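Here, each number is a calculation from the coordinates, and none is a lab measurement. Fair warning: this is a prediction, and the values are worked out from it, not measured in the lab. In this analysis, Cβ positions are derived from the backbone assuming ideal geometry, glycine residues included, and neighbour counts consider all displayed protein chains.
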Protein chains: 2
Amino acid sequence: MIPTITAFANSPDRGRGQARDMRVRWALEEVGQPYDVRLVSFAEMKQPAHLAVHPFGQIPTYEDGDLALFESGAIVLHLAERHAGLLPDDANARSRAIAWMFAALNTLEPPIVELGMATMFERDRSWFAERLAMLGDRVRTRLGELSRRLGGADWLDGAFSAGDLMMVTVLRRLHISGLLDEYPDLSAYAARGEARPAFRRAFDAQLAVFTAASRS
Amino acid sequence: MIPTITAFANSPDRGRGQARDMRVRWALEEVGQPYDVRLVSFAEMKQPAHLAVHPFGQIPTYEDGDLALFESGAIVLHLAERHAGLLPDDANARSRAIAWMFAALNTLEPPIVELGMATMFERDRSWFAERLAMLGDRVRTRLGELSRRLGGADWLDGAFSAGDLMMVTVLRRLHISGLLDEYPDLSAYAARGEARPAFRRAFDAQLAVFTAASRS
């Protein structure tokens, strides 16, 4: 038995690898774990069968035998704890890598998602320009702090870890806004993540889903 | 040596236990681990000494011997993995409890924080009423899903876990808005968390800091 994840049948990102299944695919590729994918439509995500696995009706989920998990962060951590390659052996370094996972999801991602949502849903509102500037500055504050901490290193804390995996997927959400280009070191950091063979395999797999769906 | 955490010297929540050190204090109390607290001012949080421990210049941090951690989620998980009382023994149940920690921080908290920030910082803007309604509905969607999953149980997945600890601290951020009162089961769930002796001890400890600071 190999684990099964869920992904969008029709990803709103048009195969750019910004849906959250990308994180799980990337982690599975990094640790060399084959997996199946079950595609779900937006309607199916809100049906009881999917809600039984994901209480908030989203993707991805992860099913392996008796275990059903949701939340991309939890799934990546679950994989990282059971396979070599995503967390250091040293106990303290391991806790620090996990701290970077939480930082990516709880400190960086919320203002980045908020900026993306305003760009998508508030474009026609009277307040759009003013809010966009405010949200951009919130993101810049975090990017400046992240850049200072990275300090020219390849990865956030020693070797590549699940913390970098999560951070790179969060930073990639900024590609549309152009904000990441203001921080050449962070752009290069994200590009280093995207250049990893495991990332490429994961990216190609999710793009193939979108390409196939577009043809049908 | 006992671990040292950081907390606000003058908490903007006026001792209502909504600052993120509360989560770490509560977890430390649940597992019976004594701790020291180092209070930091807003100015000190942005100084090099604090930034060396917390790259984003926030609280809480956690220092124990050679280990320095930031991100409340990572600190609570670190404690939960090293002490009995916050994670189940069964491996699958353990992964599910950790999934609830991520759900609290990445699915529930972002729209709740956004609602709180709009209430604080956008009150005088022309768009305030319209945005407030939109943000309230985003939070209600998540609360409705959470309520459905809780399904009348005492805790999210079996016995009380670090997942419940994080979720209760996130829901408590809604007290000011009154939104939680629309979901009596979730109000009762948060109240169950707040009634735990470990929560009370943690709450009293952070309130004592604020009370002492107000007197001086």
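Based on alpha-carbon centroids, what's the gap between the stretch B:47-93 and the stretch A:43-61 in Å, whole number please?
31
At a Förster distance of 51 Å, what's the computed FRET efficiency of A:R200 paired with B:D154, Cβ-Cβ distance as r, to 0.05?
Values: r = 46 Å, r/R0 = 0.90.
Computed FRET efficiency for A:R200 and B:D154 comes out at 0.65.
With a/c under 1.5 counting as rounded, go ahead and sort the protein assembly as shown into rounded, prolate or oblate using the C-alpha gyration tensor (a ≥ b ≥ c being the square roots of the eigenvalues; past the cut-off, prolate if a/b is larger than b/c, else oblate). Please list the in-between numbers first.
On the way: a/c = 1.27, a/b = 1.24, b/c = 1.02.
Cα axes put the protein assembly as shown in the rounded bin.
For B:M1 and B:A43, FRET efficiency with R0 = 41 Å and r from the beta-carbon atoms, rounded to 0.05? If you can, show how the numbers build up before the last one.
On the way: r = 28 Å, r/R0 = 0.68.
Once the sixth-power term is evaluated, E becomes 0.90.
Would you kindly derive the ³J(HN,Hα) couplings of the stretch B:172-185 from the backbone phi angles with the Karplus curve 6.51 cos²θ - 1.76 cosθ + 1.60 (θ = phi - 60°), listing them in order in whole Hz, with x for Gly and Pro?
4, 5, 8, 3, 4, 6, x, 4, 5, 5, 6, 10, x, 5
Less than 15 Å Cβ to Cβ from A:A68, Lys/Arg counted +1 and Asp/Glu -1: what total charge do the surrounding residues give? Intermediate values should be presented prior to the final figure.
On the way: positive: A:R38, B:R94, B:R96, B:R149; negative: A:D36, A:E63, A:D64, A:D66, A:E71, B:D90, B:D157.
Local net charge: -3.
Sort A:37-46, A:64-73, B:54-63 for me by packing, meaning the mean count of neighbouring Cβ atoms within 10 Å per residue, highest on top. The partial results should precede the final answer.
Working: A:37-46: 15.0, A:64-73: 20.0, B:54-63: 21.8.
Most protected by this proxy first, the peptides run B:54-63, A:64-73, A:37-46.
To the nearest whole number, what is the average tally of beta carbon atoms from other chains within 10 Å of the beta carbons of peptide A:80-87?
Details: counts 0, 5, 2, 0, 0, 0, 0, 0.
Taking all residues of A:80-87 together, the mean is 1.
Given a cut-off of under 8 Å on Cα pairs at least six residues apart, what relative contact order in percent is computed for chain A?
Details: 272 pairs, mean separation 60.5, N = 216.
About 28 percent, as a whole number.
With θ set to phi - 60°, apply the Karplus curve 6.51 cos²θ - 1.76 cosθ + 1.60 along the stretch A:195-206 and write out the HN-Hα couplings as whole Hz, x wherever there is a Gly or Pro.
The phi angles translate into 7, 5, x, 5, 4, 4, 4, 5, 4, 4, 5, 6 Hz.
Less than 10 Å Cβ to Cβ from A:I2, Lys/Arg counted +1 and Asp/Glu -1: what total charge do the surrounding residues give?
Computed value for this residue: -2.
Just the number, please: percent antiparallel of the DSSP beta bridges in the protein assembly as shown, rounded to the nearest 5.
Details: 12 of 22 bridges.
The answer is about 55 percent antiparallel.
Apply the Karplus curve 6.51 cos²θ - 1.76 cosθ + 1.60, θ = phi - 60°, to the phi angles in the stretch A:211-216 and return the couplings in whole Hz, x for Gly and Pro.
4, 5, 5, 5, 6, 7
Given a Förster radius of 51 Å and the C-beta distance between B:H83 and A:E182 as r, what FRET efficiency does 1/(1 + (r/R0)^6) yield to the nearest 0.05? Working shown, then result.
On the way: r = 43 Å, r/R0 = 0.84.
Given R0 = 51 Å and the Cβ-Cβ separation, E is 0.75.
Please rank A:T6, A:T211, fewest neighbouring Cβ atoms within 10 Å first, as an exposure proxy. Could you put the intermediate results ahead of the total?
On the way: A:T6 24, A:T211 12.
With the fewest neighbours first, A:T6, A:T211 line up as A:T211, A:T6.
Once you average over the residues of B:55-63, how many Cβ atoms of partner chains fall within 10 Å of each Cβ?
Details: counts 12, 9, 2, 2, 0, 0, 1, 2, 0.
Mean shielding count: 3.
Ranking request for peptides A:78-89, B:158-169, B:176-187: highest mean number of other beta-carbon atoms within 10 Å first, then the rest in descending order. Before the final figure, lay out each step's value.
Numbers: A:78-89: 17.9, B:158-169: 23.8, B:176-187: 15.7.
Highest to lowest by the protection proxy: B:158-169, A:78-89, B:176-187.
Under the rule of at least 5 residues apart or a separate chain, name every residue whose amide H is placed under 5 Å from the amide H of A:A9.
A:V40, A:S41
Starting from the amide H of A:T61, placed 1.01 Å from N in the peptide plane, find each other amide H under 5 Å away whose residue is 5 or more places distant or on another chain.
For A:T61, the qualifying residues are A:T6.
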